[in-house]
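Beneath this line is the structure, given in structure tokens, with notes to follow.
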Amino acid sequence: MRPILVVPLVLAGLAAFAATRAPVSDSDFFWHLAIGRDIAAHGVPRVDVYSWTVAGRAVLPDQWLGELLLYVAYAIGSWSGTIALRALTVGTLIGVIVFAALAERPRRPFIAVLASLPAIAVSRFAWTDRPELFGLLCFAILIALLRAVRRGSLTAFTLCVPLILVWANLHGSFALGLGLVLVVALERAVVDPSRRRRYAAIAIASVLATFFTPSGLATWTSSGGHFLTPPRFVQEEGTPDVTTVPGLLFSVALLSTLATAMLAPRARSREVLFEIAVLVPVAFVSLTATRHLVFFPIAAAPFLTSWSPDAFAEGIRILREAWAERLPMINARRTTNAAVHETNAGTRTLGRIVIAEAAAALIALALLIGGIATAPREPDLSAFPAAALPQLPAGPGLLNRYDWGGFLIWYAPATPVFVDGRLFPYVGEALDDYRAVIGLHADWRQVLAKRGIRTVLVAPSDAIAVQGTALGWPILARTPEWVMLRVP
Amino acid sequence: MTAWRLAPLYVAAASFAIAVSLPGGDPDTYWHLASGKWMVEHGQLLRADVFSNTVNGAPYSVGEWLGELGIYGAYVLGGWAGVALLRATLIAVGAFFITRVALRAAPAPFALAITAVALALSEITWTDRPQLFTFALFPLLLELLVAARAGRARLLVVVPPLILLWTNLHGGYALGLALVAIFAAEAVLTRRNAMPFAAAAFIGLAASFVDPGSLGLGAAAAHATSPPRFIVEEAPPDVLRPAGFVFALFGLATLALALARGGTLLDALLLVPLLWLGLSAQRHMPYFALAATPYIAGGISELWWRWRPASRFALPRPVIVGVGAGLVAMVAASVATAPFAPIETQYPTAARAKLADSSGNLLNEYDWGGYLIWRVPERPVFIDGRLFLFLPDVLTEYEEMVFMRPGWHDQLDRHAIAQVLLRPDRPLVVALRDLGWTVVSEDKTALLLQRPSR
């Protein structure tokens, strides 16, 4: 039986609507947008043109397609276009997550939604206007495809190749996808030896697909760098914290999976290897950084849908065995519910299902359009030093706060930045110098002189702002959120 | 197979030998020692701060009074060697019992291999603090509960006095109570020895209140759910670092084995909350690993026998004797060559004499507070590892000054700071030098600055 699409469509519409409520405000979005603009105008950039500290240095265009998509959406509909793209992506993401869960037990939509809730909730923290969101969508699609592979679909496995090809050009998270394809290919080869060659061919094709990017083999360096040595000082690259909301949602998914796996009956020997192949590596990747937390709940949603009713039944069985004479009602209730469920399923007709699905699609579309129509028209720049823009000096010499680099790249193209959220071009001397000055390290004066820093645009609480003010540096502009000082 | 019954003893001996040879020097050791010393000298419990210039006289928890007395007693008896021997003994006790628990679930080779990895992970908590008592008591209680569940229910009589002792030794007793509650819940749900386990849990809970100043269960829960993240051991596990990676291996192995072979209700009740606890802070990682050891060892051995059903793991007697003799020699050599004195290179040793000779309020590095309390008792500290005593105001003010937030100068004046003892790379050090503060002492580790006379 195929899953009925009503629930995924309605949830997709609701999620799309929810995604339109927030204005554009992500600091990294602006530099992605700038790169997208340059790609549209001049092709894929190979060197840095936005900073004065690493200007001309080679940069990795590993997210070029995602950046181009962001810019195209902006070019078509300005900031509303950006929000529309976000809403469409989020809606599709949530729809795919719920669909993949529902496909495991098409007659149990309530369980599918319940199992998907941690994934839906934690994905909320990734609803940003960045190529990362496209990567997340690719991951959800991959999970849905791999679950179909487990059910025996070779077509689904073949579709993983073009998915990896697109993903490798969208965002660095493709490495996780490729890893899963390889592991599942191995698992399939063990479970289904008759198709071993086809699985091997798909695995090889998936690896080759990742080389079809403007960076070629170098695409791997971005993923590898992020995975093996995540820059912990960036909040989203920090170690996952289960006492925060995203961490708690992740732990709900992880612990539910563990409890379910322990309690569910063990008569699934052929399925077990697949679940281990998918869930264990994704759990590890999720534990590496806060931004990766979302992967595990997405991967676990279909598993929980599939196994948790059995685990629950096992729990009831244990209780029944122990407390049979005191709780005689449990057995009767379960039988009745099952009977009603089967009866309802049997009376559904194809026509009614199609009508319901069409209605759900219309509702989802209406929510998407309504959301876009009523979305904020302008970006929220309250976190950025927008009022400082008219006074920014042109040319090199500005030391800006890391978080504001992307904003300045887009809004002040005449003033190259010291550092911005692209991070990796700066790792090494430029980032060390940035830290030395903003954190007032012992060598801050030497760095100031060596770099020729003429202006600092930082938060008033930064040590350099406090010291600069104490030393009597001229204050060019100031608000409670930022201060611009001229270095004498 | 009988020879394997010596395995817990062997593991304990090996753990003792390794633990005794590790250098001490944890900053918190010093203020625990100082607290124990104060209690002995004054013949009363230390109920209020006597070591700082910021919260002097403020009341604070004395929940670990017995643990502090234990460590100080070891110091009085044997100096730093006494402290190291206490450390090694407690670790050996923990190692002994966790090996016994693992051997109940799996044949010795598997039990020993997984136990060894769990103990290696637990090394991050082998510091001379009352938490070592928790390290010893957690496996002991686990073994006791497992044995009681296996039919020796009379052992549960030991639980309440054990909890009483633990409560007075270290705040980790909450973990013990949770362990008893989990076994009691399982016993009630499955109606197997429900009454004895429930009684042990209730009496144990009551016993935990017999403490002159327990942290309290509420405080323990609050600590677990909102740990002070700026302290390394309270930070979440980093699975890309060695200890975090090993912890992740335990978590993932547990997940993989759960998928492959399932588990019991007790496995789920025990391992699910402990995994969350391990994920919440690095210092809690070992407890999940220790509790998961029998499950993983049992699971791996089961898989092994599916693959190699004819495997036998008998050891010849000469090997047993040889290993035993080797361990005895290893313990003797470790005790004879151990560097009992703590390594203090990370502390401001060069500034000690100058500090002792001067006066006035001192602003010190957080990590050095304990060291100063013990080594320079003449100078009350601004802040030290007794964190909760300084929350929230003093810690905030400390950060404002050290990291040069707006208003730092006012805070410096408000606290009448006469001297600053910080790492050379602190922004405040740079600023104070600019303002003409005098360098009293300087090396690679620390800089002692004196406020200029007006």
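The values are calculated or read from the model by the stated rules, or taken from the named source; none is laboratory data. As the structure is a prediction and not an experimental result, all values here were calculated from the model. Here the Cβ is made from the backbone with ideal geometry for all residues, glycine too, and neighbour counts use every protein chain on show.
A:Ala189 meets the conditions (1) in contact (Cβ under 8 Å) with a residue 12 or more places away in the chain; (2) surrounded by fewer than 18 Cβ atoms within 10 Å (Cβ to Cβ) in every case but one. The failed one is (1). Note on segment B:422-449: residues that are out of contact with any helix residue (DSSP H, G or I) (no Cβ under 6 Å at 6 or more places or on another chain) and either hydrophobic (A, V, I, L, M, F, W, C) or not assigned by TED's automatic domain parsing to the domain that holds B:Gly369 (or both) total 6. Search segment A:288-326 for residues being more than 34 Å from the chain's Cα centre (by Cα) and among the basic types (Lys, Arg), and hand back the single one that is nearest to A:Ser256 (Cα to Cα). If we take residues in segment A:288-326 being more than 34 Å from the chain's Cα centre (by Cα) and among the basic types (Lys, Arg), then A:Arg317 is nearest to A:Ser256 (Cα to Cα).
Looking at segment B:144-158, which of its residues are surrounded by 14 or more Cβ atoms within 10 Å (Cβ to Cβ) and of a type in the set (Gly, Ala, Ser)? Once the filter is applied, which keeps residues that are surrounded by 14 or more Cβ atoms within 10 Å (Cβ to Cβ) and of a type in the set (Gly, Ala, Ser), segment B:144-158 yields B:Ala147, B:Ala148, B:Ala153. Quick check on my filter: what residues within segment B:38-90 are in contact with a strand residue (DSSP E or B) (Cβ under 9 Å, 6 or more places away or on another chain), not in a loop (DSSP other than H, G, I, E, B) and not hydroxyl-bearing (Ser, Thr, Tyr)? Answer for segment B:38-90, where residues must be in contact with a strand residue (DSSP E or B) (Cβ under 9 Å, 6 or more places away or on another chain), not in a loop (DSSP other than H, G, I, E, B) and not hydroxyl-bearing (Ser, Thr, Tyr): B:Ala48, B:Pro59. With the structure loaded, tell me whether B:Ala74 is within 25 Å of B:Glu123 (Cα to Cα) and hydrophobic (A, V, I, L, M, F, W, C) or whether it fails that test. Criteria met by B:Ala74. Put simply, of B:Ala297, B:Ala292, B:Ala258 the only residue that is crowded, with 23+ Cβ neighbours inside 10 Å and either away from chain A (no Cβ under 11 Å) or basic (Lys, Arg) (or both) is B:Ala297. Within segment B:181-206, restricting attention to residues that are more than 12 Å from B:Leu156 (Cβ to Cβ) and not in a helix (DSSP H, G or I), the residue that is farthest from the other protein chains (Cβ to nearest Cβ) is B:Arg192. Among the residues of segment B:192-238, those that are among the hydrophobic types (A, V, I, L, M, F, W, C), closer than 16 Å to B:Gly172 by Cα and modelled with pLDDT under 75 comprise B:Leu215, B:Leu217, B:Ala219, B:Ala220, B:Ala221, B:Ala222, B:Ala224. Close contacts from segment A:135-157, counting a first residue that is within 29 Å of A:Phe125 (Cβ to Cβ) and a second that is not in a helix (DSSP H, G or I), with Cβ to Cβ under 6 Å and a gap of 6+ residues or different chains, come to A:Gly135/A:His171; A:Gly135/A:Ser173. For A:Val419, the conditions (1) within 14 Å of another protein chain (Cβ to nearest Cβ); (2) in contact (Cβ under 8 Å) with a residue 12 or more places away in the chain; (3) in contact with a strand residue (DSSP E or B) (Cβ under 8 Å, 6 or more places away or on another chain) all hold with the exception of (1). When restricted to residues that are more than 18 Å from B:Leu252 (Cβ to Cβ), surrounded by fewer than 21 Cβ atoms within 10 Å (Cβ to Cβ) and within 7 Å of chain B (Cβ to nearest Cβ), segment A:242-264 contains 1.
Would you be able to say whether some residue in segment B:393-401 is within 14 Å of chain A (Cβ to nearest Cβ), of a type in the set (Asp, Glu) and not in a loop (DSSP other than H, G, I, E, B)? Taking every residue of segment B:393-401 in turn, at least one turns out to be within 14 Å of chain A (Cβ to nearest Cβ), of a type in the set (Asp, Glu) and not in a loop (DSSP other than H, G, I, E, B). No other residue among B:Thr264, B:Thr337 is over 30 Å from A:Leu263 (Cβ atoms) and either out of contact with any helix residue (DSSP H, G or I) (no Cβ under 6 Å at 6 or more places or on another chain) or within 12 Å of chain A (Cβ to nearest Cβ) (or both) apart from B:Thr337.
What are the residues in segment A:179-196 that are assigned to a helix (DSSP H, G or I) and more than 14 Å from A:Ile143 (Cβ to Cβ), if any? Those that are assigned to a helix (DSSP H, G or I) and more than 14 Å from A:Ile143 (Cβ to Cβ): A:Leu182, A:Ala185, A:Leu186, A:Glu187, A:Arg188, A:Ala189, A:Val190, A:Val191, A:Pro193, A:Ser194, A:Arg195, A:Arg196. Taking the criterion of being farther than 27 Å from A:Glu237 by Cα and buried (at least 22 other Cβ atoms within 10 Å of the Cβ), the residues of segment A:167-186 that qualify are A:Val184, A:Ala185. When A:Ala289, A:Ala300 are screened for being of a type in the set (A, V, I, L, M), buried (at least 17 other Cβ atoms within 10 Å of the Cβ) and under 21 Å from B:Leu269 (Cα atoms), only A:Ala300 passes. Kindly establish whether B:Phe133 is under 25 Å from B:Pro294 (Cα atoms) and assigned to a helix (DSSP H, G or I). So B:Phe133 passes the test. Please state which one of A:Leu279, A:Leu273 is within 9 Å of chain B (Cβ to nearest Cβ), touching a Leu at 6+ places or on another chain (Cβ under 7 Å) and either in a helix (DSSP H, G or I) or not polar (S, T, N, Q) (or both). Just one listed residue meets the conditions, A:Leu279.
Taking segment A:426-488 and the helices (runs of 4 or more DSSP H) fully enclosed by it, the elements with 2 or more residues that are in contact (Cβ under 8 Å) with a residue 24 or more places away in the chain and either within 14 Å of chain B (Cβ to nearest Cβ) or of a type in the set (A, V, I, L, M, F, W, C) (or both) are at A:429-438, A:463-470.
Looking for whichever is surrounded by 22 or more Cβ atoms within 10 Å (Cβ to Cβ) and more than 27 Å from A:Leu228 (Cα to Cα) here; the options are A:Ala87, A:Ala156. Which one fits? Just one listed residue meets the conditions, A:Ala87.
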